[in-house]
1. Among residues other than A515 whose Cβ falls under 15 Å from its Cβ, what is the net charge (Lys/Arg +1, Asp/Glu -1)?
2. Net charge within 15 Å of R739 by Cβ-Cβ distance, Lys/Arg positive one each and Asp/Glu negative one each, not counting R739 itself?
3. Can you tell me how much longer the chain between L314 and A576 gets when fully stretched, taken as 0.36 nm per residue apart minus their C-alpha distance, in nm with one decimal?
4. Mind checking which helices in the chain clear 27 Å along their axis (Cα) and have mean Kyte-Doolittle hydropathy of -1.0 or more, DSSP H runs only?
5. If you average 1/r over every pair of different alpha-carbon atoms in the stretch 147-261 and take one over that average, what Kirkwood value in Å do you get?
6. Show which lysines lie in cross-link reach of K663 when reach means a straight Cα distance below 28 angstrom and same-chain residues fewer than eight apart are skipped.
7. Average projected area of the Cα convex hull of the stretch 20-77, in nm²?
8. What length, rounded to one decimal in nm, is gained on full extension from S652 through to A262, with 0.36 nm per residue of separation minus their alpha-carbon distance?
Amino acid sequence: MTLKIHPGPVQVRSAAEAFERILNGIAQPVIVKDHAHRFVFLNDAACSLVGQPREAMIGRVDHNFIPKEQADSFWAIDDEVLSTGQDHQVEEIITTGDGTIRTLSTHKRLVSLPAATGEDSFIVAVISDITELRQAEVVLCESEEHYRYSVELNPQIPWTADPQGKVVETSSRWQELTGVPVQEALGRGWIKALHPEDLPPTQQSWLNSVASGERFDAEYRLRLQTGIYRWFRARATARRNKDGGIIRWYGTLEDIHESKLATQALRERERQLAIVFGQTMVGILHRGMNNEVLMVNQRFCDIVGRRWEELDGLPMRDFTHPEDFPNNLAVFEEHRERGEPFEIEKRYIRPDGTATWCAVNVSFVRDETGEVISTITVAQDTDKRKRAEEQYRESQENFRYLVELNPQIPWIADPKGRTVEISSRWLSLTGFSRDEVLSEGGWAKGLHPDDLEPATRRWAQSITTGEPYDDEFRLRLADGSFRWFRGRATARRNETDAIVRWYGTAEDIHDSKLAEESLRWAAFHDPLTGLPNRSFFQARLQQALDHAFVAQQRVGLLIVDLDDFKQINDRFGHDAGDAVLKAFAARLQSIAPAPDCVARLGGDEFSIIIPNIDETEVIRLAENIVTQVREPSSGNHIGRDYRASVGGAISSDLSMEPDELLKQADLALYSGKATGPGLFRMYKPSMRDEMQQTASALRLAQQAVRFDWIVPFYQPKIALGDGGVAGFEALLRWHHPRRGLQAPDTIAPAFDDVNLGIAIGERMLSSVLRDLSSWLDAGLDVGSIAINASASEFLRGGYAEWVLNRLRLADLPTSCLELEVTETVFLGRDAKYVEHALRTLSAEGIKIALDDFGTGYASLLHLKKFPVDVLKLDRSFVSNLESGSSDAAIVKAVLSLGQNLDLRVVAEGVETSAQASLLWEQGCDFGQGYFFGRPMAAEAVPRFLRSWPDHGVWRAGPRGKLREA
């Protein structure tokens, strides 16, 4: 670096003294050691710190002043700096000269200087006292005279020379000093005593003076009699004649050896101090009272972002933060009047607008009269520390707000679990004083009596094991009420893994706890009836079976189903249905051996678990349920009786699983429902076979759909009046690859399955329309084809539109199709969709036939509500027609109803001529049965139509005169 010194009013005897005064003005201690750890320089602050005068320190080492262990530590760091050349920042604890212990931050840097035999290495240590946030006041004082400028007047050796420069006379002291005889020194003999390095320049300088007549003044080394060299100063002045010519040179030889060495040492120190000044980690600015820069180092320029030239004459205002300047100026003026140094923290502003925080020490320099003539400013960059402090304060403030606003209440305990700090929110919440809470076991005083023992036990366990604490307990509040809290804590450990603190929180979980309990209740109970749900039932059943296994007992299980519940919902609405379910649940609880053994499994299905019971008692209880639910109750407000189907089972062995017992009761229930409503069935092993048969039938139906085994067979419908073919009914058949042609009853359970029922209906309609197209294309008059639609098919959206679309795609008139439905399709919850579908189809010209009329419900309301065109008289009435039983009256009534409502009536199951005659006689217009023709494959229909006119099976005359052809 280039060190610039501005001439000014400061009166110093050398640059070294200026450097030394500046460094002594630095508030931070500065110490310079050589490579052998010897102190070569200490500024005043360093001397003050160690409590020793500079003279006592120079040339000595750490071991002379401090304990060996600490000195060894300092040397180890010094050696690392010397060996690596890297800066080293270290914190050291020392005992100062006044006996106080202080913590120091020492920045050590290696400085290498050229020397006669290579380089000398020095360690420059800049020390910051970090025991306090601000630097202690540094008193700048002169403690000693650094350099001695007084020169002793040694006797000088006079000599004279002629105008040509030859010595003609000298003192005898020359010979005493050099050992060279005077005679040999005359002329140019004196040069023999000069040091070889000094001979050429000295001789040339003397020749130049002789030639020019200018004053001669030279310094050189002379060899003495002892063989050593000493520095001398030779000076000479020419004496001239009146014409100006030189007639004699008069000179002196002066021993300047000590002063020369002192001067050299002074210059070396100046050079060293300049390097220290330039490379120190603190910024230093020395300037006059007119803002002229006298000295400045690079570090200060870096801090303020300006070069030396830019700082020269620049007012302090221009590089001080505007918010800091007023206070800075006031402090400056106050201390200038007294001439006292001061410290402040301020921000310097760079030209780019950025600011840097610094700890600034300002000292005043006075002249001999005491007037302040300059200032020394030492600035240490504290920007990172300042910003860290601001971040810390911000963090603390954030933490404070976080604690205050956080619903969790923080607390701290010692390693033994005793509370040492707790939020004031706990105190206001519980009404306890801080002393009460911080006393032994104080926090537990507010615990609910039921929670006191488990909560304190778990806390003690965590204290013993060091495991995190996590517990829930009820706490008494200031108003006397209790609320649920969750306490959690984690241990903080030291480097030896010992617990030093517990940090915990208490969180109000009262609302969530109640919600959790509500959810837990809801998870295991039916919200409508309040009974245990299926999950709770399964757990209780498992518990009952486990207990029975230990006690060598049996467990009974009843599954109760409310019959016709769908009709209640459909007819009276879901609110009424819910009321019925609640009343039914209450009735079951009143009948059951214990109210808590009743559960709702879902929908209208309930269960009753009866532990320690035999089969006779199970049957008695089930029959009692079937009987009692029929009795009127407060919940029976819908104007009809309840009926319940019950299936029962009892654990057959001690190791029965819950699922198996439930399956048995289910099998018994559905076996009874298949027989009729309001019945009880006890499980029998044969029921499993029946269920397996049902499952087998469903698998066959799925295969029939998947592999397209379904085919329609056609049975003719005959007009009894003229014997003509009025149409056909398409009857479902399916063809098994090994068993051959199968009747629909082999897959009857499939029609109760929605998806299978729809799939079967789709395949039947597709086949019928394909056959119809074929026949019409062949010119055959087949009349209308009746096809059955199951209740499942109406559950699909847009059933009527789908049927009409299929007819359009097949290019067939709607009059060629007749749709047969049974009354069961009118009874489901989706009856409104059935009505919409039937009306849509009827409006498009498709006839609607009510199949199996006379059986089931046979409600006249259906004939009024739905668009029915045809009544199909069930075969059960036709088969007994000849016996004169009551069936004949029913047939007559149905025929009369058809005539009155303008409905066609088709009698099914006509197997004899007599039956046909009786039907015709009573007013029936159409017949269908084996008497006219068995169901036939599609390819047989054309042959049947061609042969029928000549068949002669049936001819009818006027009513009352029937005959068989």
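1. Result for the local shell: -2.
2. So the environment of R739 carries a net charge of +2.
3. 84.7 nm
4. 257-279, 685-706, 754-777
5. Mean inverse Cα-Cα distance, inverted, gives 14.6 Å.
6. Those lysines meeting the cut-off are K566, K582, K673, K684.
7. 3.9
8. Roughly 128.3 nm would be gained on extension.
Values in this text are rule-based calculations from the coordinates and carry no lab data. Keep in mind that this is a model prediction, so the values were computed, not measured. Note that we place each Cβ from the backbone using ideal geometry, even for glycine, and neighbour counts take in every protein chain shown.
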